[in-house]
Amino acid sequence: MLTAFIMAGGSGERFWPLSTKERPKQLLKLVSDKSMIRETVDRILPIIPPERIFIGTNIIQAPAVMEDLPFLPVENIIIEPAFKDTAAAIGYGATYINEHLKDKKEKLTMIVLASDHLIKNEDNFRKRIETAVDAAKRDSSIVTLGIKPTKPETGYGYIEVDGECYIGEPAGVRRFWEKPNVERAEKYVDAGNYLWNSGMFIFEIQTILDAMEKHMPKNHETLREIGEIISSAHRVNDDSIQDRIKEKFEMFEKMSIDFGIMEKADNIKVIPVDFGWNDIGSFPALEEVFDKNENGTISKETRLVEINSKNNIVLGNGKRIIATVGINDTVIVETDDAVLICHKEEAQNIKKILKEIDWDKK
């Protein structure tokens, strides 16, 4: 029986000032008239019903998530009381879902997705998910989807495939590699058997819990104790239950699923895919989504006037004219509360702004 766990606790700091703590990137309508998390849920509804779609988030963002996804049961919004990275988040999600659906008398297969990725070919995406589900069940494998690179990207981790690399066919994994420099990224692309690490996973819940027990025993013991709390609770989101779960959360080892499980386990499979994936990791990534004007600029929600300007990204709030004179390769973002002006090459540093702002000043 298929279930989905969508990770939606990120802060989206690289999209400030559009992104805030209460409404981070996944809750923004960046690429369409729907939020990115709504796009993610709609993408899997043809194969998984709402009652088996779960969202992992935090107490700050939970109200906005519920407002944006009113058709999901309230109990399917899993509130993580602390950030302990993806190994804890996925383990907690698996444990919660396992307890929530334990009366179904079927093996549960879990699809783990990010809430803020763009996928252009959704039919192809669902086809690859179904292939991954078959592989996960057949071999008790932990399956991940690897994106066929289109360029030597330094912002992603890579998966080295063991042997030949064919789109849509499960393959063994030789090694996971951290984000490379440009020279190494070029070698990866030329080699032909390296894929971008998408952060999407498919596995039977018992398989991932067994992997936790073997490779992260401390986290597994904590998950076992949390499972007992959930099993005995009438309502998991009651304050008293959340307080008990929060105590256990502090015991988790803070580590990504890649470091904790994927790089250690011997039952990992990867499926090379090519369905128009983009993680929209920063403002410059929008250039791969929107059409450019005659000056090479993309703009949204603004009346833009450009003089001797080109290759900019201009996002307004629809209230003012934004004019540029002699401005090139720049990100300009206007909201009701702030204005961002940033060279494209510095876009990864936008999150540093949040540490410099005195939030007590109006």
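Here are Lys34, Lys107: which of them is farther than 21 Å from Leu354 by Cβ and touching a strand residue (DSSP E or B) at 6+ places or on another chain (Cβ under 6 Å)? First the steps, then the outcome.
Details: Lys34 fails: touching a strand residue (DSSP E or B) at 6+ places or on another chain (Cβ under 6 Å).
The conditions single out Lys107.
If you check Thr207, Thr150, which single one turns out to be at pLDDT 95 or above and of a type in the set (S, T, N, Q)? Steps first, please.
Details: Thr150 fails: at pLDDT 95 or above.
Selected residue: Thr207, the only one of Thr207, Thr150 that is at pLDDT 95 or above and of a type in the set (S, T, N, Q).
Can you find even one residue in segment 332-353 that is among the hydroxyl-bearing types (Ser, Thr, Tyr) and part of a strand (DSSP E or B)? Steps first, please.
Quick first cut of segment 332-353, residues among the hydroxyl-bearing types (Ser, Thr, Tyr) only: 335.
This time we only want the ones that are part of a strand (DSSP E or B), so: none.
No, segment 332-353 contains no residue that is among the hydroxyl-bearing types (Ser, Thr, Tyr) and part of a strand (DSSP E or B).
What tally of residues in segment 59-83 results from selecting those that are within 18 Å of Thr20 (Cα to Cα) and of a type in the set (S, T, N, Q)?
1
Does Met66 satisfy being open to solvent by 20 Å² or more (accessible area, probe 1.4 Å) and not charged (D, E, K, R)?
Working: open to solvent by 20 Å² or more (accessible area, probe 1.4 Å): yes; not charged (D, E, K, R): yes.
Yes.
Can you report the number of residues in segment 264-287 which are open to solvent by 80 Å² or more (accessible area, probe 1.4 Å) and within 22 Å of Tyr166 (Cα to Cα)? Walk me through it before giving the result.
Within segment 264-287, the first condition is being open to solvent by 80 Å² or more (accessible area, probe 1.4 Å), and the residues that meet it are 264, 266, 274.
Still in the running and within 22 Å of Tyr166 (Cα to Cα): 266, 274.
Of the residues in segment 264-287, 2 are open to solvent by 80 Å² or more (accessible area, probe 1.4 Å) and within 22 Å of Tyr166 (Cα to Cα).
Restricting attention to segment 10-20, does a residue exist that is touching a Gly at 6+ places or on another chain (Cβ under 7 Å), among the small types (Gly, Ala, Ser) and in a loop (DSSP other than H, G, I, E, B)? First the steps, then the outcome.
Of segment 10-20, the ones touching a Gly at 6+ places or on another chain (Cβ under 7 Å) are 14, 19.
Within this subset, residues satisfying the condition of being among the small types (Gly, Ala, Ser) are 19.
Then keep just the ones that are in a loop (DSSP other than H, G, I, E, B); that gives 19.
Checked against the condition, which is being touching a Gly at 6+ places or on another chain (Cβ under 7 Å), among the small types (Gly, Ala, Ser) and in a loop (DSSP other than H, G, I, E, B), segment 10-20 yields at least one hit.
Check off (1) within 30 Å of Asn193 (Cβ to Cβ); (2) open to solvent by 20 Å² or more (accessible area, probe 1.4 Å); (3) of a type in the set (A, V, I, L, M) for Ala136 and give me the number that stays unchecked.
(2)
State yes or no: is Ile90 within 18 Å of the chain's Cα centre (by Cα), β-branched (Val, Ile, Thr), open to solvent by less than 60 Å² (accessible area, probe 1.4 Å) and over 21 Å from Pro217 (Cα atoms)? Reasoning before the result, please.
Details: within 18 Å of the chain's Cα centre (by Cα): yes; β-branched (Val, Ile, Thr): yes; open to solvent by less than 60 Å² (accessible area, probe 1.4 Å): yes; over 21 Å from Pro217 (Cα atoms): no.
No.
Counting only residues that are open to solvent by 10 Å² or more (accessible area, probe 1.4 Å), in a loop (DSSP other than H, G, I, E, B) and farther than 23 Å from Phe283 by Cβ, how many does segment 31-59 have?
Count: 6.
Determine which member of the set Ile205, Ile241 is more than 26 Å from Ile129 (Cβ to Cβ), surrounded by 14 or more Cβ atoms within 10 Å (Cβ to Cβ) and of a type outside the set (D, E, K, R).
Details: Ile205 fails: more than 26 Å from Ile129 (Cβ to Cβ).
None of the others qualify; the one that does is Ile241.
Among the residues of segment 308-331, which ones are open to solvent by 30 Å² or more (accessible area, probe 1.4 Å), in a loop (DSSP other than H, G, I, E, B), of a type outside the set (S, T, N, Q) and under 23 Å from Asp291 (Cβ atoms)? Break it down stepwise before answering.
Step one: of segment 308-331, the residues open to solvent by 30 Å² or more (accessible area, probe 1.4 Å) are 308, 310-311, 317-321, 323, 325-329.
This time we only want the ones that are in a loop (DSSP other than H, G, I, E, B), so: 308, 311, 317-320, 326-327, 329.
Still in the running and of a type outside the set (S, T, N, Q): 318-320, 326-327, 329.
Gly318, Arg320, Ile327, Asp329, listed by residue number.
Scan segment 21-30 residue by residue and report those that are part of a loop (DSSP other than H, G, I, E, B) and closer than 20 Å to Ala347 by Cα. Steps first, please.
In the first step, residues of segment 21-30 are kept if they are part of a loop (DSSP other than H, G, I, E, B); the result is 21-24, 28-30.
Answer for segment 21-30, where residues must be part of a loop (DSSP other than H, G, I, E, B) and closer than 20 Å to Ala347 by Cα: Lys21, Arg23, Pro24, Leu28, Lys29, Leu30.
What pairs come out if I take residues in segment 136-148 that are under 16 Å from Leu209 (Cα atoms) and without any contact (Cβ under 8 Å) to a residue 12 or more places away in the chain and pair them with residues that are hydroxyl-bearing (Ser, Thr, Tyr) and buried (at least 24 other Cβ atoms within 10 Å of the Cβ) whose C-beta lies under 8 Å away, six or more apart or interchain?
Matching pairs, first to second residue: none at all.
Scan segment 271-285 and tell me whether some residue there is within 17 Å of the chain's Cα centre (by Cα), assigned to a loop (DSSP other than H, G, I, E, B), closer than 26 Å to Gln26 by Cα and of a type in the set (Ser, Thr, Tyr).
yes
From the list Arg224, Arg184, exactly one residue is among the basic types (Lys, Arg) and more than 30 Å from Asn349 (Cα to Cα). Which is it?
Values: Arg184 fails: more than 30 Å from Asn349 (Cα to Cα).
After applying the criteria, what remains is Arg224.
Would you check which residues across segment 113-135 are among the acidic types (Asp, Glu) and in contact (Cβ under 8 Å) with a residue 12 or more places away in the chain and list them?
At the first step, the residues of segment 113-135 found to be among the acidic types (Asp, Glu) are 116, 122-123, 130, 134.
If the condition is that a residue be among the acidic types (Asp, Glu) and in contact (Cβ under 8 Å) with a residue 12 or more places away in the chain, then Asp116, Glu122, Glu130 are the ones that fit.
Could you please find all residues in segment 231-267 being part of a loop (DSSP other than H, G, I, E, B) and either closer than 30 Å to Arg138 by Cβ or free of Cβ contacts under 8 Å to residues at least 60 places away in the same chain (or both)?
Within segment 231-267, Ala233, His234, Asp238, Met251, Met255, Ser256, Glu263, Lys264, Ala265, Asp266, Asn267 qualify.
Among the residues that make up segment 168-190, is at least one of them without any contact (Cβ under 8 Å) to a residue 24 or more places away in the chain, under 19 Å from Ala135 (Cβ atoms), open to solvent by 70 Å² or more (accessible area, probe 1.4 Å) and out of contact with any Lys or Arg (no Cβ under 8 Å at 6 or more places or on another chain)?
Within segment 168-190 (the criterion being without any contact (Cβ under 8 Å) to a residue 24 or more places away in the chain, under 19 Å from Ala135 (Cβ atoms), open to solvent by 70 Å² or more (accessible area, probe 1.4 Å) and out of contact with any Lys or Arg (no Cβ under 8 Å at 6 or more places or on another chain)), the answer is yes, since at least one residue qualifies.
The values are calculated or read from the model by the stated rules, or taken from the named source; none is laboratory data. Please read these numbers as outputs of a predicted model, since none were measured by experiment. When we count neighbours, we look across all protein chains shown, and the Cβ atoms used for this are built from the backbone with ideal geometry, even at glycine. Side chains included, ligands, DNA and RNA excluded: accessible areas come from the protein's heavy atoms. Shrake-Rupley method; radii C 1.70, N 1.55, O 1.52, S 1.80 Å.
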